[in-house]
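Data first, discussion second: the structure below is written as structure tokens.
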Amino acid sequence: MLKEVPVRTTRIRTLDQLHRGDHIEARLSVGPAYDDVVIRRGSVQETAPGIGVVWIMDQLSGLRKAINTDECTLWRVA
């Protein structure tokens with residue numbers, strides 16, 4: 001029987017903490033009574049700290065996606 005390993009996440013406060021290849025999740029807050037919802041998951045391709053945007057290679061679609069940090073929170077997945 002396989003043992004399920006829990007996923008450890010760490011909140012990213014600034015885009016300076018990210019590097020190309022880091023695996024991250026973008027989460028959207030849906031309300032005070034609910035947990036954040038994961039809207040994107042993938043590996044970092046490029047960051048633009050000046051405008052608050054990070055581009056990832058989306059794990060689900062395989063496409064490059066832009067994430068605006070004003071709209072969601074970022075979490076490093078380990």
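Please report, in debye to the nearest 20, how large the charge dipole of the chain is about its Cα centre when each Lys and Arg carries +1 at its beta carbon and each Asp and Glu carries -1 there. It would help to have the intermediate numbers written out before the result.
Values: 11 positive and 10 negative charges, 43 e Å.
Charge dipole of the chain: 200 debye, to the nearest 20.
Tell me the trypsin sites (Lys or Arg not before Pro) within the chain that lie in a loop according to DSSP and have at most 10 other beta-carbon atoms within 10 Å.
Those satisfying the criteria are LYS3, ARG8, ARG13, ARG20.
Full-extension gain between THR14 and VAL77, please, as 0.36 nm times their residue separation minus the C-alpha to C-alpha distance.
Numbers: separation 63, 0.36 × 63 = 22.68 nm, distance 1.55 nm.
Full extension from THR14 to VAL77 adds 21.1 nm.
So for TRP75, TRP55, fewest C-beta neighbours within 10 Å to most, what's the order?
In order of increasing Cβ crowding within 10 Å: TRP55, TRP75.
Please identify, among VAL30, VAL53, VAL44, the residue showing maximal mean-square fluctuation in a Gaussian network model of the chain using a 10 angstrom Cα cutoff.
Per the Cα network of the chain with a 10 Å cutoff, VAL30 tops the list.
Rounded to two decimal places and with Rh computed the Kirkwood way over Cα pairs, what is Rg over Rh for the chain? Show your work: numbers first, answer last.
Numbers: Rg = 13.0 Å, Rh = 13.1 Å.
That ratio is 0.99, to two decimals.
Every read-out reported here was derived from the displayed coordinates using simple, explicitly stated rules and does not represent laboratory data. Quick caveat, the model's predicted, so the values are computed rather than measured. Here the Cβ is made from the backbone with ideal geometry for all residues, glycine too, and neighbour counts use every protein chain on show.
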